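Trainee: My questions will all concern the structure given below.
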Amino acid sequence: MLKPFRRWQTLSRSLLSLEPGDGAVWTVEVLHWKQLTTEDGRPVAHLYRNGAHHAESPVPAVFPVPGGVVEVQASAFGLKRCHHLPDGGGERRLVPDPDSGEGRRARFGREHPVASRWIGIGVVALLVVPVLLMVPQLLEAATRVPPVAERFGTFTSPVELPWWGNVALGLVTAAASTERALRLRHHWLLDSVG
């Protein structure tokens, strides 16, 4: 049976639902912390029909439901995607539980659209800056490898952050990526940095 969402599960559990018109409520549950206990490090998605366990699959997952499928994809920071793809084409995002992190972020977006938009812009900036700061450092490290240095020469990064600067950059990037995951937003480069 599907357990109710608890507030302390905000960042560790995703719970989204769909009513495709067959009289049932289909709910997808992903326990993000459980990926630490799986052999391949992938979270497992569970599908419930009217609160009763119906199916499970490692993520990425595709669950058949009446009139289409539900597609679930995760990142290191939460869900990338949880959409219903009807047989006739198109797609729609499943509705998050109001108490979940995704549900509370969606409510904030509806109640404060301007602030939400500015937060989204700020978060993208917080993800672009680490890319710009980390690429020169990684390039310098790569050109220090003897075969690479012999063939291409060495590169000295104009950016050299202390260890605590790189740690702070990592924490900010993780927080920004988590905020994007709560909105089910994902970009292959920006959300893969952290």
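Trainee: Only Cα pairs within less than 10 Å get springs; with that Gaussian network setup on the chain, which residue of V30, V145, V59 has the largest fluctuation?
Mentor: V145
Trainee: Just the number, please: carbon plus sulfur as a percent of the accessible area of region 122-185, 1.4 Å probe, no ligands or DNA/RNA counted.
Mentor: 72
Trainee: Give a residue-ordered list of calculated ³J(HN,Hα) values for region 15-25 (Karplus: 6.51 cos²θ - 1.76 cosθ + 1.60, θ = phi - 60°; whole Hz; x for Gly, Pro).
Mentor: So the J values, rounded to whole Hz, are 9, 10, 10, 8, 10, x, x, 9, x, 10, 10.
Trainee: Something else about it: Would you please calculate the Kirkwood hydrodynamic radius of the chain over all C-alpha pairs and express it in Å, rounded to one decimal?
Mentor: With all distinct Cα pairs of the chain included, I get 18.8 Å.
Trainee: If you don't mind, another one. In debye, nearest 20: dipole of region 86-159 around its Cα centre with unit charges on the Cβ of K, R (+) and D, E (-)?
Mentor: For region 86-159, the charge dipole is close to 180 debye.
Trainee: Quick check of the Kirkwood formula: for region 1-103, what is the inverse mean of 1/r over all pairs of different Cα atoms, in Å?
Mentor: 13.7
Trainee: Along the charge dipole of the chain, pointing to its positive end and built from +1/-1 on Cβ of Lys, Arg, Asp and Glu, which listed residue (C82, L2, T143) has its Cα farthest out?
Mentor: The residue sitting most towards the positive pole is L2.
Trainee: Students sometimes get this wrong: rank R49, R144, R180 by accessible area, probe 1.4 Å, all chains present, largest first.
Mentor: R144, R49, R180
Trainee: Put +1 on the Cβ of each Lys and Arg and -1 on the Cβ of each Asp and Glu in the chain; which of A52, P66, V123 then has its Cα farthest toward the positive end of the dipole?
Mentor: Of the options given, the answer is V123.
Trainee: Moving on. Using alpha carbons only, how many degrees (0 to 90, rounded to 10) separate the axis of helix 163-182 from the longest principal axis of the chain?
Mentor: Computed tilt is about 20 degrees.
Trainee: With a 1.4 Å probe and all protein chains in place, put R110, R117, R6 in order of accessible area, largest first.
Mentor: R110, R117, R6
Trainee: Given a 10 angstrom Cα cut-off, can you work out which residue in H54, H32, H112 is the most mobile in a GNM of the chain?
Mentor: H112
Trainee: Give me, ordered by chain and number, the residues 5 or more places off E56 or on other chains with an amide H under 5 Å from its own placed amide H.
Mentor: Placed amide hydrogens put L47 under 5 Å from E56.
Trainee: Moving on. With every protein chain present, what is the per residue accessible area of the chain (1.4 Å probe, Å²)?
Mentor: Values: 11330 Å² over 194 residues.
Spelled out: the 1.4 Å probe surface of the chain, per residue, equals 58 Å².
Trainee: Between S116 and Q137, 0.36 nm times their residue separation minus their Cα-Cα distance comes to what?
Mentor: 4.3 nm
Trainee: By how many degrees, 0 to 90 and rounded to 10, does the Cα axis of helix 113-143 deviate from the longest principal axis of the chain?
Mentor: 40
Trainee: State the Cα centre-to-centre distance between region 55-89 and region 94-118 in whole Å.
Mentor: 21
Trainee: Let me ask you something else. Over the chain, what is the relative contact order in whole percent, taking alpha-carbon pairs under 8 Å and six or more residues apart?
Mentor: 17
Trainee: Would you mind working out the magnitude of the charge dipole of region 65-194 relative to its Cα centre, with +1 at each Lys and Arg C-beta and -1 at each Asp and Glu C-beta, to the nearest 20 Debye? Intermediate values should be presented prior to the final figure.
Mentor: On the way: 14 positive and 12 negative charges, 58 e Å.
Dipole of region 65-194, to the nearest 20 debye: 280 debye.
Trainee: Using unit Cβ charges (K, R positive; D, E negative) and no other charged atoms, how large, in debye to the nearest 20, is the dipole of region 1-89 about its Cα centre?
Mentor: 440
Trainee: While we're here: Determine the equivalent ellipsoid of region 91-174 by diagonalising the alpha-carbon gyration tensor, then write out the semi-axes as square roots of 5 times the eigenvalues, largest first, rounded to whole Å. Working shown, then result.
Mentor: Details: eigenvalues 325, 40, 26 Å².
The three semi-axes for region 91-174 are 40, 14, 11 Å.
The values are calculated or read from the model by the stated rules, or taken from the named source; none is laboratory data. Every value quoted in this text rests on a predicted model; they were computed, and no experiment measured them. Virtual Cβ from ideal backbone geometry, glycine too; neighbours counted across all protein chains shown. Surface accessibility is based on the protein's heavy atoms, side chains included, excluding ligands, DNA and RNA. Shrake-Rupley method; radii C 1.70, N 1.55, O 1.52, S 1.80 Å.
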